[in-house]
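Just below is one structure, and these are the notes that go with it.
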Amino acid sequence: MRLSSLSFRARLLGASGLAATALALGAGLSAPAHADDYGALFVTSSQYAGQAGTVAVGQALPNSTGVAAIADGSYPAVFANDTVDPNFGITAPIELGAFLTRGSAATGVGVGPLLGTIDLTALSGVSTSFSSKSELALNVSTDGTALTLMGYLAPINTIDVSNTNTPGYIDPTNTDIQAPSYRAVLELGTAHGLRVSPVASYSGNNGRAAILADDLQGSGQDAYLLVGNGGNGSGTPPSAIVADTGVQLAIPGSANPNTGVVGALQGMAGAKTGYQFGFSVASIGNVADKSGKDDNFRGETLFDNQLYVSKGSGGNGVNTVYQVSPGADPLQPSQAQITILPGFPTGLSANISPTSPATEFYPFGIWFASATTLYVADEGVQSLASDPNAGLQKWIFNGKSWVLAYTLQNGLALDQAYNVSNYPAALAPATTGLRNITGKVEGGTVTIFAATATFSAAGDPGADPNQIVQITDQLGATSLPANEGFTTVAAPTYGRVYRGVAYLSCGTPAACLATAGRLARR
């Protein structure tokens, strides 16, 4: 049954001060697991908010090349403007939904009713770029009391925000001339309610994920660890832009929007190539490439006090999974070393070839089931049905390095077009793989939840309606099980995109419902 006969959404949006603990993670959330362990699956999504008049055909777009819009603001045709303006995007509201779940050691985790949805943008003023597929990753804090995500301090239906400069970090060669916008970390939890921390990082591109590290590696300081990409210009990027990408460290609630880049300096400051913070392809024997782009990260997770990040896009660097090792002082991020996780691919992303499917590697979300079992979401690539790596990869540590055990694809219907009510059939969206993931271990089973990646004939496939799916895997399996397959948690819906997923255990149904009830009463 649903939480109540009242509209959960209406109660939330009409409540005074409900931002105070949008995720009132009460004591029940720390209850120990048992035979039937109840929890909540949180999902971030966005619903397109524009209308035909949001963009006018012939309207000058905020691009320094002087291009004009070729489509009005109607969804999904509006994203045809991406073909003339590579910066094109429109901000939209961020929504957070919660599903009741029930888990058992025998069958894994099953998903029950949607408890409700919160319009986070209405509460915080933080929005997302609707078609930016790498945004809105959702992470649980290290102490289990808060959720974090990233967005923009920009009104809904603002054009071309995701490639804007940030205030104070101006790249004169950036073609996006929309007014500079701060990125922001949005935190929801028990200690601080809803907290917005503006950050100036990722100028020219987007912030993708944030994790709240409580007492960062014993430093006594809480910190956000962020990942994203910076820079949207040509030629030699300014030093401030190079230092504005990759892994960043921010202090929660600080009035100072400046962040610290995590990673030791590689190469020569100000150089066109090889100037990186954290990882450089030159460190593994390759010719240095474009400054700042080797650390174009999009996925992250903290496991056993160790930060791991992924890179799976762009034509520079290595598409793979990395570990971030801090120096003696975790609050001095310039000491950190970023290296490829042993056993993971080391080939240059520039050498990925569609004619050699084994080279295809586009890691996105990463999640540890144990110290020796790591699941990696692979976004896949359009129209490559033979891609053996697309979907959910299971990696096992053999004591020296990580080995790919198998990739789960059954039930994803890779590269098969699906229909969405009211969505033009000619666009033919299809699942290519997975993006963000989370999971839950129940005895000998692991249930993984994921947002799907898509491709279509649309101007920007990031605007395609996608899905939330789940699969239950045997934790100890080392070869591909024959009877495992993905099922749908949330089906594709016109005008909606799903982005991040996070799981929290409540222990009992009463605790889960009490949590939602406290949220609704705020």
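The values are calculated or read from the model by the stated rules, or taken from the named source; none is laboratory data. Only a predicted model underlies this, so the values are computations on that prediction, with no experimental measurement involved. In this analysis, Cβ positions are derived from the backbone assuming ideal geometry, glycine residues included, and neighbour counts consider all displayed protein chains.
Flag not set for Ala179, criterion: modelled with pLDDT of 95 or more, in contact with a Leu (Cβ under 6 Å, 6 or more places away or on another chain) and farther than 20 Å from Ile94 by Cα. Within the range 270-279, the set of residues being assigned to a strand (DSSP E or B) and free of Cβ contacts under 8 Å to residues at least 24 places away in the same chain comprises just one member, Thr273. When Asn305 is tested against (1) surrounded by fewer than 24 Cβ atoms within 10 Å (Cβ to Cβ); (2) closer than 27 Å to Thr359 by Cα; (3) not aliphatic (A, V, I, L, M), just one condition goes unmet, and that condition is (2). Condition check for Ser386 on (1) in contact with a helix residue (DSSP H, G or I) (Cβ under 8 Å, 6 or more places away or on another chain); (2) within 29 Å of Val261 (Cα to Cα): one failure, at (2).
Specify which of the listed residues (Ala200, Ala282, Ala210, Ala255) is in contact (Cβ under 8 Å) with a residue 12 or more places away in the chain, out of contact with any Gly (no Cβ under 8 Å at 6 or more places or on another chain) and not basic (Lys, Arg). From the options Ala200, Ala282, Ala210, Ala255, the qualifying one is Ala210. Checked against the criterion of being farther than 22 Å from Leu249 by Cα and among the hydroxyl-bearing types (Ser, Thr, Tyr), the range 319-332 contains not a single residue that satisfies it.
Does Gly391 satisfy the criteria of being farther than 19 Å from Lys293 by Cα and surrounded by fewer than 20 Cβ atoms within 10 Å (Cβ to Cβ)? For Gly391, the condition - farther than 19 Å from Lys293 by Cα and surrounded by fewer than 20 Cβ atoms within 10 Å (Cβ to Cβ) - is not met. Per this entry, Pro429 is not counted among residues that are farther than 19 Å from Leu374 by Cα, surrounded by fewer than 21 Cβ atoms within 10 Å (Cβ to Cβ) and either among the β-branched types (Val, Ile, Thr) or in contact with a helix residue (DSSP H, G or I) (Cβ under 9 Å, 6 or more places away or on another chain) (or both).
State which residue is nearest to Phe303 (Cα to Cα) when the search covers only the range 346-372 and only residues that are touching a helix residue (DSSP H, G or I) at 6+ places or on another chain (Cβ under 8 Å) and assigned to a loop (DSSP other than H, G, I, E, B). Before you say what the answer is, go through the steps one by one.
Step one: list which residues in the range 346-372 are touching a helix residue (DSSP H, G or I) at 6+ places or on another chain (Cβ under 8 Å), which gives 346-348, 351-353, 359.
Now drop any that are not assigned to a loop (DSSP other than H, G, I, E, B), which leaves 346-348, 352-353.
On the way: Thr346: 22, Gly347: 25, Leu348: 26, Ile352: 29, Ser353: 32 Å.
In this case the residue turns out to be Thr346.
Taking into account only those residues within the range 285-317 that are assigned to a loop (DSSP other than H, G, I, E, B) and free of Cβ contacts under 8 Å to residues at least 24 places away in the same chain, which is nearest to Asn229 (Cα to Cα)? Out of the qualifying residues, it is Ala288.
Just to be sure before I move on: is Leu114 of a type in the set (A, V, I, L, M, F, W, C) and touching a helix residue (DSSP H, G or I) at 6+ places or on another chain (Cβ under 6 Å) in the structure I sent?
So Leu114 does not fit the description; no.
When restricted to residues that are part of a loop (DSSP other than H, G, I, E, B) and under 20 Å from the mean Cα position of the chain (by Cα), the range 318-340 contains 2. Those strands (runs of 3 or more DSSP E) of the range 45-133 that lie entirely within it include none in which at least 3 residues are under 23 Å from Thr164 (Cα atoms) and in contact with a His (Cβ under 8 Å, 6 or more places away or on another chain). Could you please let me know if Ser239 is hydroxyl-bearing (Ser, Thr, Tyr) and within 24 Å of Arg435 (Cα to Cα)? No.
Does Val446 meet the test of being touching a residue at least 40 places away in the same chain (Cβ under 8 Å) and within 24 Å of Ser46 (Cα to Cα)? When the stated conditions are applied, Val446 does not pass them.
Within the range 451-507, the residues that satisfy the criterion of being in a strand (DSSP E or B), small (Gly, Ala, Ser) and at pLDDT 95 or above are Ala451, Ala453, Ala490, Gly500, Ala502.
Could you list, in sequence order, all residues of the range 351-381 that are touching a residue at least 24 places away in the same chain (Cβ under 8 Å), surrounded by fewer than 15 Cβ atoms within 10 Å (Cβ to Cβ) and under 23 Å from Gly462 (Cα atoms)? Pro354 - this is the single residue of the range 351-381 that is touching a residue at least 24 places away in the same chain (Cβ under 8 Å), surrounded by fewer than 15 Cβ atoms within 10 Å (Cβ to Cβ) and under 23 Å from Gly462 (Cα atoms). Apart from one condition, Ile118 fits all of (1) surrounded by fewer than 22 Cβ atoms within 10 Å (Cβ to Cβ); (2) at pLDDT below 95; the exception is (1).
Small (Gly, Ala, Ser), surrounded by fewer than 20 Cβ atoms within 10 Å (Cβ to Cβ) and in contact with a strand residue (DSSP E or B) (Cβ under 8 Å, 6 or more places away or on another chain): is that true of Ala453 in this structure? So Ala453 fails the test.
Considering the conditions (1) surrounded by fewer than 17 Cβ atoms within 10 Å (Cβ to Cβ); (2) closer than 30 Å to Cys506 by Cα, Leu434 is excluded by exactly one of them, (1). Checked against (1) among the small types (Gly, Ala, Ser); (2) farther than 21 Å from Ile437 by Cα; (3) at pLDDT below 95, Gly112 meets all criteria but (2). Contact map, the range 399-411: residues that are part of a strand (DSSP E or B) paired with residues that are exposed (fewer than 14 other Cβ atoms within 10 Å of the Cβ), Cβ distance under 6 Å, separation 6+ or inter-chain. Pairs shown: Ala405/Thr478. Counting only strands (runs of 3 or more DSSP E) that sit completely within the range 194-261, those holding 1 or more residues that are within 18 Å of Gln276 (Cβ to Cβ), touching a helix residue (DSSP H, G or I) at 6+ places or on another chain (Cβ under 6 Å) and not acidic (Asp, Glu) correspond to 246-250.
Just one residue in the set Gly299, Gly312, Gly278 is more than 20 Å from the chain's Cα centre (by Cα) and either buried (at least 24 other Cβ atoms within 10 Å of the Cβ) or more than 26 Å from Ala450 (Cβ to Cβ) (or both); that residue is Gly278.
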